[in-house]
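*Asks:* Okay, here's the structure, questions in a sec.
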Amino acid sequence: MENNTTFNERIQELAGLIHEGFNYISYEEARRELLLWISETTGLNAIKLRVDPPELSEEQWSSLESFAVRRSMGMPFAYLLGRCHFYDLELAIGPGVLIPRPETEELVDRAVAWTEERIAESTEKLRILDLCTGSGCIGVATGHALKQKMNQRKLPKVELDIALSDESAYALEYARVNSDAYAEPGLHFSIFEGDLMAPFRKEKAPPFDLILCNPPYVHPDEIPLLAPETYLHEPAEALFHNDPPALYIQIIRECLPFLSDHGVIIMELSQFVYQVVSMLCENEFPDCTYRVEKDLSGKQRFLIFACNSHP
């Protein structure tokens with residue numbers, strides 16, 4: 001009983017430190033994060049921590065206090081932990097790379113569904129590009145999900161060649177770690193550094209069957225709509241663009257020469273720009289087809305683009 005009291009008092013004190021330093025996090029949320037940190041770093045059951053807390057060593061309390069100090073500055077939980085969960089995978093993550101969002105998992109759902117249909121057409125090899133890859137989450141999760149289905153004999157086995165590309169060398173270090181962790185025979189990842197399709201023009205790369213992209217689509221005027229820990233700590237170059245609609249058209253224009261016949265581009269976009277992007281697609285690519293799909297929250301979130309008449 002005495003241990004429970006001491007444990008809860010110290011947790012409450014650290015929760016107060018977090019809230020006072022970064023008041024966007026409530027006391028209760030701070031407490032929940034502290035218990036989650038203990039669970040993630042020690043393997044102790046998070047529920048049991050609430051009802052029957054263990055006797056932590058001073059070294060463990062010191063680690064927890066260090067976490068609380070950094071969290072009180074608004075540093076994202078995933079950065080402090082050094083990893084995050086995305087599409088049933090554990091991915092390395094850290095400052096300088098965008099933290100994967102739940103809505104991006106829905107982009108992976110669409111990528112997997114489209115690829116399953118393509119595999120059913122008896123193709124032997126598929127080339128997929130994850131453009132603006134960041135941590136590599138989209139490409140790695142898509143490849144891993146498909147390979148799991150093949151290993152379970154739910155899909156015919158085909159070779160998957162997945163390119164991960166970004167202009168940030170720092171972000172690509174995470175993409176390399178994550179792709180190495182999940183690569184296996186029949187699932188090959190390649191890393192490319194450069195602005196959009198520049199690395200592929202330089203190498204005269206063969207076409208891709210599927211191009212996936214989560215570009216920086218937040219206009220700087222939308223900063224007040226974001227969580228402070230996002231705009232204070234996540235990389236601005238992965239979040240913001242002064243003209244998001246123009247960026248989408250640039251991406252499509254650059255990708256088209258590298259898109260195979262009957263290939264598809266799937267991009268994540270903002271509900272604030274989807275109408276303008278749709279209008280520009282209609283004007284710029286009248287011979288192509290596109291549609292915008294909603295995410296699970298009802299927001300217009302995904303652009304599905306296809307074009308048989310490439311420039």
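The values are calculated or read from the model by the stated rules, or taken from the named source; none is laboratory data. Fair warning: this is a prediction, and the values are worked out from it, not measured in the lab. Quick reminder, even Gly has a Cβ in these numbers, built from the backbone with ideal geometry, and neighbours come from all protein chains shown.
*Asks:* Residues being under 17 Å from residue 50 (Cα atoms) and surrounded by 14 or more Cβ atoms within 10 Å (Cβ to Cβ): count how many of those fall in the stretch 13-24.
*Replies:* The total comes to 2.
*Asks:* Going through the stretch 229-249 one residue at a time, which ones are out of contact with any Cys (no Cβ under 8 Å at 6 or more places or on another chain) and farther than 23 Å from residue 137 by Cα?
*Replies:* 242, 243, 245, 246 - these are the residues of the stretch 229-249 that are out of contact with any Cys (no Cβ under 8 Å at 6 or more places or on another chain) and farther than 23 Å from residue 137 by Cα.
*Asks:* Considering each of 173, 203 in turn, give the residue that is more than 26 Å from residue 262 (Cβ to Cβ) and either surrounded by fewer than 24 Cβ atoms within 10 Å (Cβ to Cβ) or modelled with pLDDT under 95 (or both).
*Replies:* Matching residue, one of 173, 203: 173.
*Asks:* Considering only residues that are surrounded by fewer than 22 Cβ atoms within 10 Å (Cβ to Cβ) and in a loop (DSSP other than H, G, I, E, B), look in the stretch 263-272 and name the one that is farthest from the chain's Cα centre (by Cα).
*Replies:* By that ranking, first place goes to 272.
*Asks:* Would you check which residues across the stretch 116-166 are farther than 20 Å from residue 96 by Cα, modelled with pLDDT of 95 or more and hydroxyl-bearing (Ser, Thr, Tyr) and list them?
*Replies:* Matches in the stretch 116-166: 142 only.
Residue by residue, here is whether (1) out of contact with any helix residue (DSSP H, G or I) (no Cβ under 9 Å at 6 or more places or on another chain); (2) under 26 Å from residue 35 (Cα atoms); (3) in contact (Cβ under 8 Å) with a residue 40 or more places away in the chain holds:
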| site | (1), (2), (3) |
| --- | --- |
| 70 | no, yes, no |
| 82 | yes, yes, no |
| 101 | yes, yes, no |
| 112 | no, no, no |
| 125 | yes, no, no |
| 133 | no, no, yes |
| 140 | no, no, yes |
| 148 | yes, no, no |
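Residue by residue, here is whether (1) buried (at least 22 other Cβ atoms within 10 Å of the Cβ); (2) under 25 Å from the mean Cα position of the chain (by Cα); (3) closer than 30 Å to residue 217 by Cα; (4) not assigned by TED's automatic domain parsing to the domain that holds residue 31 holds:
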residue	(1), (2), (3), (4)
56	no, no, no, no
93	yes, yes, yes, yes
101	no, yes, yes, yes
112	no, yes, yes, yes
126	no, yes, yes, yes
133	yes, yes, yes, yes
136	yes, yes, yes, yes
148	no, yes, no, yes
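*Asks:* Among the residues of the stretch 234-265, how many are under 20 Å from residue 171 (Cβ atoms) and of a type outside the set (Phe, Trp, Tyr)?
*Replies:* 13
*Asks:* So which residues in the stretch 231-246 are in contact (Cβ under 8 Å) with a residue 24 or more places away in the chain and within 19 Å of the chain's Cα centre (by Cα)?
*Replies:* If the condition is that a residue be in contact (Cβ under 8 Å) with a residue 24 or more places away in the chain and within 19 Å of the chain's Cα centre (by Cα), then 232, 233, 234, 235, 237, 238, 239, 240, 241, 244 are the ones that fit.
*Asks:* Any chance the stretch 186-193 includes a residue that's at pLDDT 95 or above, of a type outside the set (Phe, Trp, Tyr), surrounded by fewer than 17 Cβ atoms within 10 Å (Cβ to Cβ) and closer than 18 Å to residue 255 by Cα?
*Replies:* yes
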